[in-house]
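Input: a single structure, listed below in structure tokens.
The values are calculated or read from the model by the stated rules, or taken from the named source; none is laboratory data. In this text the structure is predicted, and so the values were computed from the model without any measurement. Using ideal geometry, Cβ is built from the backbone for each residue, glycine included, and neighbour counts are taken over all protein chains shown. Accessible surface is based on the protein model in full, side chains and every heavy atom, while ligands, DNA and RNA are left aside. Shrake-Rupley method; radii C 1.70, N 1.55, O 1.52, S 1.80 Å.
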Amino acid sequence: MEGPHDKVVTFLEVESLRKDVAIPKLHADLASLGYLGGRSLGELLAAEKRGTEIALTGAGRPNFHLPAATIDEHVLGQLIYLHEFQTALSGELYGINAFDQPGVEAGKIAAFALMHRKGYEDKAAELMHEAAGRARSSSVS
């Protein structure tokens, strides 16, 4: 809800869960938890999603609901394509080449180095050095 109003929130809702988990009837004496007993995790997630949609819409924040019958490799591929297409279209609307941005290029170079692509040995060494430095500094903290 906070921050700049420059994003569209996408809610992906899976209509048929492969498995749902029952929430045990524990802590009936606690008003903050007792009401959940006997419900399912799927019900809780759906209510949280819907509540967030209501709050965002009420605050004038753009959002949309994308239902999916299930999640499998076919649907996942469709979702990836949808977001790729949205990226390309948004770039056109903003007058930028969404596939030639410095941050994107930096990520590609790092991925090439991490995958040991020929010609990226210096970048791989740099990344290893940075990772070792972070490990040393976190062990000191």
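General remarks:
- As a summary of the residue check, Glu2 satisfies the conditions (1) among the acidic types (Asp, Glu); (2) open to solvent by less than 90 Å² (accessible area, probe 1.4 Å); (3) closer than 29 Å to Tyr94 by Cα; (4) assigned to a loop (DSSP other than H, G, I, E, B) except for the one numbered (2).
- Of all residues in the stretch 87-129, those that are among the polar types (S, T, N, Q), part of a helix (DSSP H, G or I) and either over 30 Å from Val14 (Cα atoms) or open to solvent by 60 Å² or more (accessible area, probe 1.4 Å) (or both) total 1.
- When the residues of the stretch 11-48 are filtered to those that are modelled with pLDDT under 90 and hydroxyl-bearing (Ser, Thr, Tyr), the one that is nearest to Leu76 (Cα to Cα) is Ser16.
- Scan the stretch 9-35 for residues that are closer than 29 Å to Thr87 by Cβ and surrounded by 11 or more Cβ atoms within 10 Å (Cβ to Cβ) and the total you get is 7.
- Selected residue [closer than 30 Å to His27 by Cβ, of a type in the set (Ser, Thr, Tyr) and out of contact with any Pro (no Cβ under 9 Å at 6 or more places or on another chain)] from Thr52, Thr70, Thr87: Thr52
- Only residues that are at negative phi and touching a helix residue (DSSP H, G or I) at 6+ places or on another chain (Cβ under 7 Å) were counted across the stretch 22-65, and they come to 5.
- Any hit, the stretch 8-20, residues being part of a helix (DSSP H, G or I) and not aromatic (Phe, Trp, Tyr): no
- Residues located in the stretch 54-83, provided they are part of a helix (DSSP H, G or I) and open to solvent by 60 Å² or more (accessible area, probe 1.4 Å): Ile54, Thr57, Gly58, Glu73, His74, Leu76, Gln78, Ile80, Tyr81, His83
- Restricting Gly51, Gly38 to those that are small (Gly, Ala, Ser) and either open to solvent by 80 Å² or more (accessible area, probe 1.4 Å) or outside any loop (DSSP other than H, G, I, E, B) (or both) reduces the list to Gly51.
- Search result, residues across the stretch 94-122 that are within 26 Å of Phe64 (Cα to Cα) and at pLDDT 95 or above: none
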